[in-house]
1. Within the range 458-477, track down each residue that is under 18 Å from residue 527 (Cβ atoms) and part of a loop (DSSP other than H, G, I, E, B).
2. Output the number of residues of the range 264-304 satisfying the condition of being assigned to a helix (DSSP H, G or I) and more than 23 Å from residue 94 (Cβ to Cβ).
3. When the range 38-57 is examined, which residues are found to be more than 21 Å from residue 116 (Cα to Cα) and out of contact with any helix residue (DSSP H, G or I) (no Cβ under 7 Å at 6 or more places or on another chain)?
4. Tell me, which helices (runs of 4 or more DSSP H) lie completely within the range 487-585 with 3 or more residues that are surrounded by fewer than 19 Cβ atoms within 10 Å (Cβ to Cβ)?
5. Just checking, how many residues over the range 536-555 are in contact with a helix residue (DSSP H, G or I) (Cβ under 7 Å, 6 or more places away or on another chain) and either closer than 24 Å to residue 572 by Cα or free of Cβ contacts under 8 Å to residues at least 12 places away in the same chain (or both)?
6. Please work out if residue 147 is closer than 18 Å to residue 47 by Cβ and at pLDDT below 95.
7. Search the range 347-359 for residues that are in the same structural domain as residue 383 (by TED's automatic domain parsing) and pair each with any residue that is surrounded by fewer than 17 Cβ atoms within 10 Å (Cβ to Cβ) and not in a helix (DSSP H, G or I) when their beta-carbon atoms are under 9 Å apart and the residues are at least 6 apart or on different chains.
8. Which residue, of 42, 92, 74, is farther than 25 Å from residue 177 by Cα, assigned to a strand (DSSP E or B) and over 20 Å from the mean Cα position of the chain (by Cα)?
């Protein structure tokens, strides 16, 4: 049973290191808090106590991608008003935690004693997130002058060093006796040095794009998205990959990392090409039932710390996913269209071809032309993005466990085939006709077997079950299908309309399962909750089919959700709607930040601008669908060797600067069912 994160907890992440504390900066061993490195909690207690004065938290602000500031008033038992202020500036890096304390006196000099307590227990993230795991013994600080050490619990784990200039050891604590004089702040920096060493990551070299919006909500959400994705960037060898989420999923995930990389293309192609390169490096070449490896398969998850997953040791990929191989090829096509270097794309073609071979040979387990998800005996029950054990249900609300052909997986495969055809043409490896023909055949079968009629019009079923019967329950998976372009236009318009309907749209996002469906639970992980990335797929799909009304409605919901969460979108939230509650209700165990949730505002930006680059053919399409009063200004959008700047107001493009690339404005064509990468 999962243990919830406190909804008031504070989280910082950098280079694969996570810090989770209470709202006042404290870490308690019995909470889901700590400094987490290599999937282990190396700081299980971090507590600052004061003697002679009383602290009261009065404020908090995020100061950077991996830093924040806590503000406290300093008072005494006898004084009605505060006598000073404490600022705690915290920064997480690949080396650990740095915290600078700054005490200020207002009108008179005062003294106090500070006491710092620290311990470690080296619980893994799986133990930390499991209510049924027994607590591990705490190892307390060996304190001395200027700092101390947290020794490791085992000989193969490194110690953690605490450096605290000006402090002295007092038993198991560090102590500082201080005098604070007006206009002479007392300042001290305490550092927790993490075991091992992690190099600089891509967030030290951010993209140069600047986005200003009116109203400001979208611009603020975009800034937060870029900061969170930079914070989730972590080094693996000479590549910087996007980890899935903090604190439980600071690892390479095939599905999450690819989707987040595509979202982040607005900033740079580098994160996505690094993710693609690392996934290709670990692409399976043999059959291994324990890990789920099959030739050409792209991994689901790779843990490089001290905790393995699903019986697979750390450092060995787990391959239990049926969508990652197709998504790999889709992402490669997106990288090409956004201007990734030709040699980077060409070097990944063998991996892309092997991934498509996996789809046809190993993914289609029964030869019916669709990829099936089959429960992995020692791993996941469901191998699509809704991977919880009860994530697949029928129209009566019954849980389906067994072989299923998920709708969105077929849609990804379709888009992968189209993308591979485009790549082949661009690299002059062929005319792409074979993959185009395969995509057309798949689309024809899909529209025949996965589409069903509802009272509101045609919709896409969740999956075909083991008997090849369609699961006719209205779910958010249809938004992913819409994004892929596999649907005929009339069906796509109906799907977009229903995704924005009252049973699916909560006011903050698209529910995973319709509120009108048997089995709906607003707190069900995949049975009624709202996932921002899920909504982003629906938004982008509606944009590509020209349903601008749906784009605006769903985008407004995500931006309202962002504003209600200080700009940081949660991994998921409850499905309770704005007609039921006045504020979005958190899901207790949601990661913060989480990569594909963090990147959702970047998809909103693309969809509202109608931004579809095709650098490989020297063209960019722009067709904004803003409200008449709204305006977005984009400066220095990098598209390979090209730079694009413009202002969008309503449905008009102003002040366009694109000296080296052709820009198409206006609704020249619906992109979804055209070969958009080579038609102009």
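1. 461, 462, 465, 471, 472, 473, 474, 476
2. So the answer is 3.
3. Correct list: 38, 40.
4. Ranges flagged: 489-499, 548-564.
5. Number satisfying all stated conditions: 12.
6. Criteria not met by residue 147.
7. Short answer, once both residue conditions are applied: 349/427; 349/429; 354/285; 354/295; 357/295; 358/295.
8. After applying the criteria, what remains is 42.
The values are calculated or read from the model by the stated rules, or taken from the named source; none is laboratory data. Fair warning: this is a prediction, and the values are worked out from it, not measured in the lab. Counting neighbours? That spans all protein chains shown, and the Cβs are built from the backbone with ideal geometry, glycine included.
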